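Just so you know, all these numbers are worked out from the coordinates, no wet-lab data involved. If you're wondering where the values come from, they're calculated on a predicted model, not measured in any experiment. Here the Cβ is made from the backbone with ideal geometry for all residues, glycine too, and neighbour counts use every protein chain on show.
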Amino acid sequence: QKLLLKNAHVPVIMNTYFSQKVLLSEHSETREKTYGLTKMLIRKNVISLAQTFRLDDLDDELHQESSDNQVACAPQIHNNCDSKQHPLAWSAVNDSLLEMVESQGAVGWREAQVRVVIQRVYCLPAREGYRSHVQGNKPLCATPIINSDPPNVRLCLLVQDAYGMFSEVQLQSLSSADDIEQYCRRWEGKFCCLAGMKILQRTTRGRALGLFSLIDSLWPPVEPVKVPGQSQDSEMMTTNLPPPSFCYILTVQSGEIHVEVDEEEQISNLYQPPAVHGLKEILQIDGCNERCSFWARVLYLRLQTKHSVPINQREIWLFVTDSTLQNVVHIIPKVVAVSVAASCVLSMEITEALSVASRLVFFKDALWGNGRIICVERTVLLLQKPLLYSAAGADLSELTGPVRLDELDSTTQANSVCAVRGTVVGVNESTAFSWPTCDRCGNGKLELCRQDRGLLYCNQCSEVVISPVLKMQLEIFLSCPSRSQSTVKVKVWHEMSFRLFVLINMLLSLQSYEVQSVLGKEVGLLNCYVHSVTSHPNCVALEEIVLL
């Protein structure tokens, strides 16, 4: 704040955690009201910087460091005393994050606690990345990108005090996010007391868009909150407040118990559970960077294939649907792509479940904007619905019957899935190839057996592969009535037993097989991933896929 003082020619710059301007009016009545307001401001003790940083006296500082059991008291309670003389100093509980920051300073507070409500529980990636390794389109178990010895994720809480102010609390580091669902169920909506915190950063809306998009989804408060600088009477509490413009990032000080969650207490009235919507409703939201929560079935997943991007920084695309999309008539797509950014922490339970079969997944606090749904930092993916959520009339009925994909037409876009049918008009023989895979685990990198060079060996199973499954890739060109002006190129995959492959090769060599024998064949509904859609030339590149 820039202060222009009376009878002073030099302006004063005041650095402060928080300031409230009180403008005096020329009218005496307004002046009296304003003066009355200033008397209700929260009482603060004047604390010198020397006292805040414990620089009062060098001898006292050395004496304090030599005593293991002595802890400096909270300045606003008592000065120049230790905790033994005032055993209630530690039990003093505040309800204002801002007042704690103002009174205790940035170096951290030890002798007082602040009572807050846990609005969200999530994991953030630590400095070392944490990502699920994916080969091709089949996810494996979640593994750290680097050495697994150091922790890779940090458990975090988004808390709110009685004045509506938010703060992100970064707790201990974890080796994985496997327990995040348990923490969400036990802690969200409960009161907790924070102690031993220190300030990592005071961040603003412009520097932390992701954090404030989550805060905005929880604003305005569902219950009236207290107003700083005013009395604590119920008539002085309000919900008509501007959204927060800053937020403190807090962390724990090592070697202490910092967070005490009262799991037995009832859910706070200030808690806002995730508002669940149907995918159809989300796709019709006009805003940008809006947080959304939904319950959807994952049909197919795919790793971003840009080789210039390190594997731990690549996106994973989940193609999902729900009853609100399956029941509409060609206005919006029946399946939508959800981008999972590398910054979104996935638990091993999620990655393992999606590697086995199609699953219903709860997407909590995903980001919607510019026609895309993105899972970013502070987005949580769960296999179970939360204990508390608000549906607000959304259709959350389960899917019944087989899942349908949109058929290829003029509205089909790249990076989507569709069903295609047509007539084979060409085959690209130069791109055809085949390779053997393990019939047990599907491993496509088989080696020759050292003992018997005529057999194949699988390193993943550590066994000889007696009956390998041969996979073949072939590019065909289709004529599709739904896209008659475009060249439709489809990369198709086939699996067959090794013996059948040998027999077919013998027949082909004996009968001088020609490509013309497959031309004109009708292709039924193939499930395909759309690689690209171009207008010059007018071409659609597809790849046959197998849904989960």
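Quick check: residue separation of Leu548 and Asn428 times 0.36 nm, minus the Cα distance between them. What number comes out in nm?
On the way: separation 120, 0.36 × 120 = 43.20 nm, distance 2.82 nm.
Stretched out fully, the Leu548 to Asn428 stretch lengthens by 40.4 nm.
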Taking only Cα atoms of the range 279-382, the Rg to Rh ratio with Kirkwood Rh works out at 0.95
In nanometres, what is the gap between the two model label sites at Ser484 and Gln201, each 7 Å from Cα along Cα-to-Cβ?
5.7 nm
Exceeding the 31 Å Cα-Cα cut-off - candidates Lys471/Lys521; Lys334/Lys521; Lys6/Lys226; Lys334/Lys445:
Lys6/Lys226; Lys334/Lys445
Debye sum, Cα scatterers, the range 330-468, no solvent: what log₁₀ I/I(0) at q = 0.13, 0.18 1/Å?
-0.95, -1.18
What list of ³J(HN,Hα) couplings, whole Hz, do you get for the range 204-216 from phi and the Karplus terms 6.51, -1.76, 1.60, once you set θ to phi - 60° and write x for glycine and proline?
10, 4, x, 9, 9, 4, x, 5, 6, 5, 6, 4, 4
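How high is the relative contact order of the range 309-468, given as a whole-number percent (alpha carbon pairs under 8 Å, six or more residues apart)? Don't jump to the answer; show the numbers that get you there.
Numbers: 197 pairs, mean separation 26.3, N = 160.
Once divided by the residue count of the range 309-468, the mean separation gives 16 percent.
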Using a 10 Å cut-off on Cβ atoms, rank the peptides 473-481, 353-361, 115-123 from the highest mean neighbour count down.
115-123, 473-481, 353-361
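Can you give me the relative contact order of the range 279-382 as a percent, contacts being Cα pairs under 8 Å and 6 or more apart? Don't skip to the end; give the middle numbers.
Details: 194 pairs, mean separation 34.4, N = 104.
Dividing the mean separation by the residue count of the range 279-382 yields 33 percent.
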On the formula 1/(1 + (r/R0)^6), with r taken between the Cβ atoms of Asn327 and Ala414 and R0 of 25 Å, the FRET efficiency rounded to 0.05 is 0.45
Between Gln201 and residues 5 or more places away or on another chain, which pairs have amide H atoms under 5 Å apart, with H built 1.01 Å from N, and which residues are they?
Ile249
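Remind me, relative contact order of the range 309-369 in percent, using alpha carbon pairs under 8 angstrom and six or more residues apart? Working shown, then result.
Values: 41 pairs, mean separation 19.0, N = 61.
RCO, the range 309-369: 31 percent.
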The range 340-415, convex hull of Cα, quarter of hull surface, nm² -> 7.6 nm²
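What is the gain in length, in nm to one decimal, between Lys6 and Glu447 on full extension, counting 0.36 nm per residue of separation less the C-alpha to C-alpha distance? Mind dumping the intermediate values first?
Details: separation 441, 0.36 × 441 = 158.76 nm, distance 8.64 nm.
Between Lys6 and Glu447, full extension yields 150.1 nm more.
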Checking rank on 285-292, 379-386, with mean other Cβ inside 10 Å and highest first, the result is 379-386, 285-292
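Determine the sum of side-chain charges near Pro402: Lys and Arg each +1, Asp and Glu each -1, restricted to other residues whose C-beta is under 13 angstrom from that of Pro402. Walk me through the numbers before you get to the answer.
Working: positive: Arg297, Lys334, Arg404; negative: none.
Cβ neighbours under 13 Å give a net charge of +3.
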